[in-house]
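Everything on this sheet refers to the single structure shown next.
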Amino acid sequence: MAIIKGVEHLRIERKKRQKAESIKESKKEVKEQAEARQKIALWVVQHFEGPEPIKEIKVGKIRSYGILGSGGSAVSVMINNNEKYVIDGISVEKNGMPRGNAVYSDDINYVFDSKKTLNGIVVSYWEE
């Protein structure tokens, strides 16, 4: 009887440990995604401008393509909560840094100003 209780106790402890590790991994992934969104938003601010100043950037989920991400990763963003100002297919490296490929409409212009920051700009998650 003592052996059965000991085995059951080990199973319960293993489940608790696995759940704790899963939560820890989940929190780590959420933090990494948030950091990547900040990098992507900064890149967008520094490389694009529209007919009105950028006040909000919604960053979608970073999607991997191919088998185990062999096709690369990409993300889409929406500027100022306006579907006319969507930038699709921004290539993203594994560390979350954008690489520079993107598809955007005629309403958005490509510019480069490395001095721009995210001050005063709201960055949020966009559920596409």
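The values are calculated or read from the model by the stated rules, or taken from the named source; none is laboratory data. Predicted model, so just to flag it, every value in this text is computed and none were measured. All Cβ positions, glycine included, derive from the backbone under ideal geometry; neighbour counts span all protein chains shown. Remember, those area values only see protein heavy atoms, side chains included, never the ligands or the DNA or RNA. Shrake-Rupley method; radii C 1.70, N 1.55, O 1.52, S 1.80 Å.
So what's the net charge close to residue 110: Lys and Arg +1, Asp and Glu -1, counting the other residues with Cβ under 15 Å from its Cβ? Display every interim value, and only then the final one.
Values: positive: 99, 116; negative: 49, 88, 106, 107, 113.
That sum, taken over residues with Cβ under 15 Å, equals -3.
Over region 45-110, consider all pairs of different Cα atoms and compute the Kirkwood hydrodynamic radius from their mean reciprocal separation; express it in Å, one decimal.
On the way: mean 1/r = 0.0807 Å⁻¹.
With all distinct Cα pairs of region 45-110 included, I get 12.4 Å.
Taking amide hydrogens as modeled 1.01 Å from N in the peptide plane, which residues meet the under 5 Å criterion relative to residue 56, leaving out close sequence neighbours?
80, 122
Accessible area per residue of region 59-128 at 1.4 Å probe, in Å²?
Each residue of region 59-128 exposes 65 Å² on average to a 1.4 Å probe.
Taking region 40-82 as the region of interest, what is the percent of Cα-Cα pairs per 5 angstrom bin, listed from the shortest bin to the one with the maximum distance?
Per 5 Å bin, starting at zero, the Cα-Cα P(r) for region 40-82 comes out as 6, 20, 26, 17, 12, 10, 6, 2 percent.
Against the longest alpha carbon principal axis of the chain, how many degrees, from 0 to 90 and to the nearest 10, is the axis of helix 2-47 turned?
Compared with the principal axis, the helix lies near 10 degrees.
Taking H placed 1.01 Å from N in the peptide plane, check which residues at least 5 places from residue 85 or on another chain put their amide H under 5 Å from its amide H.
Counting only residues 5 or more places away or on other chains, the set is 79.
If you keep only loop residues by DSSP, which chymotrypsin sites (Phe, Trp or Tyr not before Pro) in region 23-128 have at most 14 other Cβ atoms within 10 Å of their Cβ? Walk me through the numbers before you get to the answer.
Numbers: sites: 43, 48, 65, 85, 104, 110, 112, 125, 126; in loops: 65, 85, 112, 126.
Sparse-neighbourhood loop chymotrypsin sites (Phe, Trp or Tyr not before Pro): 65, 112.
Please state the equivalent ellipsoid semi-axes for the chain: what are the square roots of 5 times the Cα gyration tensor eigenvalues, largest first, in whole Å? Walk me through the numbers before you get to the answer.
On the way: eigenvalues 356, 46, 27 Å².
The answer is 42, 15, 12 Å, longest axis first.
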